[in-house]
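The values are calculated or read from the model by the stated rules, or taken from the named source; none is laboratory data. All figures in this text were calculated on a predicted structure; none of them were measured in a lab. Using ideal geometry, Cβ is built from the backbone for each residue, glycine included, and neighbour counts are taken over all protein chains shown.
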Amino acid sequence: MATDTSRDKQQTDGGGTALVAGAGGFIGGYLTRTLGDLGWNVRAVDSKPIGDWHQIDQRADSRVLDLSLLASCREATDGVSRVYDLAADMGGIGFIENYKADCMLSVLIGSHLLLASRDAGVERFFFSSSACVYAADRQTAPDATALVEADAYPAMPEDGYGWEKLFIERMCRHFSEDFELETRVARYHNVYGPHGSFEGGREKAPAAICRKVAQAVIDGTDTIEIWGDGEQSRSFMYIDDCIEGTLRIMDGDSREPVNLGSAELVTINQLVGLVEEIAGVSLEREYLTDAPQGVRGRNSDNTMISEIYGWEPSISLRDGMEKTYRWVYDEVTNSSSSGAKPSTHS
């Protein structure tokens, strides 16, 4: 594997101030902590009350700001050299299919952060895009052909959330071309891991399945509900690979949007079977065929990320789901025994 010297340099040097927008979210919490470990001063910003953040790093300058407002973005970017834009109103398929306008309104966050970053003299701007930018007609079969970056055009992304992501991708491109702001874009594919949402409507499939299996184990029941027929397929990327890839892409020389996802394709039925194996149970499956289920099949083509960065996500689904299930099980157990809502921050 090729060596990425820019990544090595960032690991040893660090320094300066980095803004993590959306720091109260699942990925943002991990990124805040990792940047702090690398020696960065981190300004962590989210619109949620700090008590609702998934993780809190006491070293960070944590602020509650509504980044859909330009004035808040100017405050957030003042004096920072790097911006990581992870802020968005989003969730799993149930959320993004039912709250399209809310998802689209996140264009205000991306647009205002770009404007504020340009005016503040920010050196580099990272935008977390999504595999939802790809057209549904390229994702119609469970044995999905892996999506290459060029497949985003001609454009027909997922309604709401996908359009918002693709729009800000174009904004990043034009801010680089017109204003010489160095922008980097990663298209995240289904990130999961401990400390993510696992209930409440914003959780994604890995966490939702972990919760359902854990609850069945705790309650002694023998059934699990599955949205769709379970034959829809996805690839799922563990959070550690997501953070590593984010840092490599930010440090790299390419402005082109790039897939950041695992190439390990599984059906939802296979994912359920894996969690059952981890939990040591076998459950009867109840299929809800009228529930939201998204595209039929989606997988990440990692040719471009491998060629540019000499790296690609490599943590196996088995290893990642083992850690995720153990965390979710503990959270559900604590909730069941106390009657309180599980804590989602450390």
Quiz item: Out of all the residues in region 247-255, is one or more buried (at least 21 other Cβ atoms within 10 Å of the Cβ) and within 28 Å of I218 (Cα to Cα)?
Solution: no
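When you scan region 89-101, how many residues do you find that are closer than 17 Å to G24 by Cβ and either in a helix (DSSP H, G or I) or not assigned by TED's automatic domain parsing to the domain that holds Y30 (or both)?
Within region 89-101, residues that are closer than 17 Å to G24 by Cβ and either in a helix (DSSP H, G or I) or not assigned by TED's automatic domain parsing to the domain that holds Y30 (or both) number 1.
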Quiz item: Are there any pairs, at least 6 apart or on different chains, whose C-beta atoms fall under 7 Å, with the first in region 24-35 and under 11 Å from A60 (Cβ atoms) and the second at pLDDT 95 or above and in a helix (DSSP H, G or I), and if so, which?
Solution: L31/I243; L31/T246
Quiz item: Regarding N259, is this residue among the polar types (S, T, N, Q), modelled with pLDDT under 95, crowded, with 19+ Cβ neighbours inside 10 Å and under 30 Å from D52 (Cα atoms)?
Solution: no
Quiz item: What residue, among those in region 102-116 that are within 16 Å of the chain's Cα centre (by Cα) and part of a helix (DSSP H, G or I), is modelled with the lowest pLDDT?
Solution: C103
Quiz item: Out of the residues in region 302-346 that are in a loop (DSSP other than H, G, I, E, B) and at pLDDT 95 or above, which is farthest from T246 (Cα to Cα)?
Solution: S316
Quiz item: What strands (runs of 3 or more DSSP E), lying completely within region 35-88, carry at least 2 residues that are in contact with a Pro (Cβ under 6 Å, 6 or more places away or on another chain) and more than 17 Å from L114 (Cβ to Cβ)?
Solution: none
Quiz item: Which of the residues belonging to region 179-208 are over 24 Å from G24 (Cβ atoms) and touching a residue at least 12 places away in the same chain (Cβ under 8 Å)?
Solution: F179, L181, E182
Quiz item: Conditions: (1) assigned to a loop (DSSP other than H, G, I, E, B); (2) among the charged types (D, E, K, R); (3) crowded, with 21+ Cβ neighbours inside 10 Å. K165 meets all but one. Number of the miss?
Solution: (1)
Quiz item: Are any residues in region 123-162 under 20 Å from the mean Cα position of the chain (by Cα), among the hydrophobic types (A, V, I, L, M, F, W, C), surrounded by 16 or more Cβ atoms within 10 Å (Cβ to Cβ) and within 23 Å of F236 (Cα to Cα), and if so, which ones?
Solution: F126, F127, A131, C132, V133, A135, A136, A146, L147, A152
